[in-house]
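Input: a single structure, listed below in structure tokens.
The values are calculated or read from the model by the stated rules, or taken from the named source; none is laboratory data. Quick caveat: nothing in here was measured; it's all calculated off a predicted structure. All Cβ positions, glycine included, derive from the backbone under ideal geometry; neighbour counts span all protein chains shown. For the accessible areas, the whole protein counts, side chains as well, though only heavy atoms, and no ligand, DNA or RNA atoms are used. Shrake-Rupley method; radii C 1.70, N 1.55, O 1.52, S 1.80 Å.
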Amino acid sequence: MSKLSLLFVSSEVYPFAKSGGLADVAHALPRALNAEYAVEVCMPLYSFIDRKKYKISKRSEHFDITIASEVHSVELYGCSCEGINYCFIYSPLLCEREFLYGTPEEGYADNALRFGLFAYAVAALLKEKQHEIVHLNDWQSALVTLLIKEDMSIKTKSLFTIHNLAYQGLFPRHALEALAIDSKHFTMDALEFYHQMSFMKAGIAYADAVTTVSKRYAQEILTPEFGCGLEGFLKHHEKKLSGIINGVDTEHFSPAKDKMLALAYDDLKGKAENKKASLKEIGLRGIKKPLFIFIGRFTWQKGVDLLLEALPSMAAFDCNIAILGHGEAGYTTKLEELAALHKNIHLSCIHDESLSHQMYAAADFLLMPSLFEPCGLSQMIAMNYGAMPLVHQVGGLKDTVVSYKDFDDKKEKGFGIAFKNPNLTAFLGAFEEALELFANKREYNKICRHNMLCDFSWDKSAQAYSKLYKKITHGEKS
Ligand code: GLC
């Protein structure tokens with residue numbers, strides 16, 4: 001029997017373009033599915049992608065796509081990387097940019113048109129190639145669901161994954177006309193969201209199945225607290241909604257084969273060597289002191305406000321804190337001020353993949369006070385690197401980190417420190433628990449050793465996706 005063919009669509013894929021966890025998922029999940037499916041991954045060919053380095057070459061096919069009487073010429077490019085075939089979509093409008101997304105103030109007011117064109121190009125690809133399944137991710141590719149529902153000649157079934165409901169692709173109503181979408185879709189039960197046009201709603205309304213990246217988040221988004229105004233709409237589509245937890249790419253993130261580290265390791269002794277090397281490198285002192293790290297984007301979602309509030313109290317303890325990330329300027333400035341004030345806080349405001357690996361290897365604890373977290377990958381990476389996560393018990397963090405108080409070596413679960421409410425008292429309480437646990441070396445080491453052996457690979461989750469693909473391809477086009 002020939003393999004089912006799958007087109008996996010994402011606006012970012014590591015190593016070509018990355019702004020967050022979506023790029024890691026779009027890199028690893030297709031590879032986990034590659035044995036069972038004929039997979040092709042599709043993304044925009046942003047101008048900053050190094051075509052030479054990845055041997056990206058022009059394909060003979062191209063499309064002229066007419067949207068609201070504007071003709072856009074779209075070229076296709078391709079390459080093969082780590083066993084996966086990539087199809088890149090190029091048009092100047094979509095790709096000649098410094099950033100992936102940007103804000104209207106940064107000159108990205110035409111994002112509706114950019115990613116609308118991306119969706120039209122994907123639909124054109126599907127018309128030509130008729131993949132059995134298209135897997136779409138986040139608002140940037142959500143409109144494909146609508147375009148293929150409208151075109152009866154496209155038989156492809158669609159799965160839409162929400163990686164983060166807080167980013168919905170909301171645009172002024174006139175985007176509808178600019179994208180030549182029939183106004184009959186501008187209703188409450190379709191694209192309209194408080195008088196604006198929502199790309200995300202298209203994905204939810206028209207996909208054959210909808211997933212989020214953890215079971216817990218799939219439940220949370222049905223409530224006003226986490227539903228970002230879409231809870232009622234999601235509830236209406238609840239039957240086709242499910243949660244599949246992300247995995248970690250164990251080729252890329254494995255301390256035993258990690259070439260980015262001072263020393264690859266598979267035990268706590270090797271980890272200690274990495275800690276020593278990293279502390280020296282970043283100028284922090286005290287190998288015996290617990291090292292807390294924060295790795296992530298500086299945005300409200302990641303709990304940076306809480307972190308900022310807690311840092312002065314944390315720094316007063318005998319510990320080290322290293323922060324790596326980048327993001328909103330307001331947060332960066334405040335973090336810089338704190339790092340200048342406390343010599344046991346180190347800050348690196350860059351995007352540096354190697355440094356992040358080295359930090360996981362060096363750390364004793366990973367701080368993740370996220371206000372909400374659809375899945376989160378860092379906590380799983382940290383556990384495999386022998387660093388204990390300290391998390392707000394929410395979304396994917398709740399699904400992947402069990403409290404150390406319930407430690408059970410027999411359980412195939414990762415353990416860490418978890419706090420229930422995202423407030424200063426709870427966060428600092430968890431921090432003090434961490435210090436106490438760290439002082440009890442035997443207990444702490446036992447848990448870390450267990451976490452290092454936990455299987456957070458994509459295997460099980462890829463199977464869950466596979467089951468879902470089969471379910472939707474067996475159903476009729478609804
Ligand atoms: C988004 C979410 C994060 C998730 C990632 C990949 O960045 O905020 O929780 O892990 O997507 O699905």
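Determine which member of the set Leu338, Leu308, Leu284 is over 19 Å from Met388 (Cα atoms), in contact with a strand residue (DSSP E or B) (Cβ under 8 Å, 6 or more places away or on another chain) and outside any loop (DSSP other than H, G, I, E, B).
Numbers: Leu308 fails: in contact with a strand residue (DSSP E or B) (Cβ under 8 Å, 6 or more places away or on another chain); Leu284 fails: outside any loop (DSSP other than H, G, I, E, B).
When all the criteria are applied, what remains is Leu338.
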**Message:** Please go through the range 359-375 and give me each residue that is away from the ligand (no atom under 16 Å from the Cβ) and not small (Gly, Ala, Ser), ordered by number.
**Reply:** Met359, Asp364, Phe365
**Request:** Please tell me if Ser378 is polar (S, T, N, Q), outside the structural domain of Glu225 (by TED's automatic domain parsing), more than 13 Å from Ser214 (Cα to Cα) and within 16 Å of the ligand (Cβ to nearest atom).
**Result:** yes
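Could you list all residues from the range 83-136 that are among the polar types (S, T, N, Q), on the phi < 0 side of the Ramachandran plot and in contact (Cβ under 8 Å) with a residue 12 or more places away in the chain? Let's see the steps before the verdict.
If we filter the range 83-136 for residues that are among the polar types (S, T, N, Q), which is where we start, we get 85, 91, 103, 111, 130.
Remaining after also requiring on the phi < 0 side of the Ramachandran plot: 85, 91, 103, 111.
Answer for the range 83-136, where residues must be among the polar types (S, T, N, Q), on the phi < 0 side of the Ramachandran plot and in contact (Cβ under 8 Å) with a residue 12 or more places away in the chain: Asn85, Ser91, Asn111.
From the list Gly395, Gly386, pick out the single residue that is touching a residue at least 60 places away in the same chain (Cβ under 8 Å) and within 16 Å of the ligand (Cβ to nearest atom).
Values: Gly386 fails: within 16 Å of the ligand (Cβ to nearest atom).
Unique residue meeting the criteria: Gly395.
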**Request:** Among the residues of the range 313-328, write down those that are modelled with pLDDT of 95 or more and either open to solvent by 50 Å² or more (accessible area, probe 1.4 Å) or not assigned by TED's automatic domain parsing to the domain that holds Pro290 (or both).
**Result:** Ala316, Phe317, Asp318
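Among the helices (runs of 4 or more DSSP H) confined wholly to the range 381-478, which include 2 or more residues that are within 27 Å of Ile221 (Cα to Cα) and touching a Gly at 6+ places or on another chain (Cβ under 6 Å)? Give the derivation first.
On the way: elements: 395-400, 424-439, 441-452, 459-474.
Passing ranges, in order: 395-400.
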**Message:** Filter the range 229-268 down to the residues that are of a type in the set (Phe, Trp, Tyr) and not in a loop (DSSP other than H, G, I, E, B) and list them by number.
**Reply:** Phe233
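Yes/no per residue for (1) of a type in the set (Val, Ile, Thr); (2) under 24 Å from Leu29 (Cβ atoms):
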{"site": "Gly376", "(1), (2)": "no, yes"}
{"site": "Val391", "(1), (2)": "yes, yes"}
{"site": "Val402", "(1), (2)": "yes, no"}
{"site": "Gly416", "(1), (2)": "no, no"}
{"site": "Asn421", "(1), (2)": "no, no"}
{"site": "Glu432", "(1), (2)": "no, no"}
{"site": "Glu436", "(1), (2)": "no, no"}
**Message:** Take residues that are among the small types (Gly, Ala, Ser) and tell me which of the strands (runs of 3 or more DSSP E) falling wholly in the range 22-120 contain 2 or more.
**Reply:** 57-67, 70-81
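Look through Ala23, Ala112 and report the one residue that is outside the structural domain of Glu328 (by TED's automatic domain parsing) and away from the ligand (no atom under 16 Å from the Cβ).
Values: Ala23 fails: away from the ligand (no atom under 16 Å from the Cβ).
The unique qualifying residue is Ala112.
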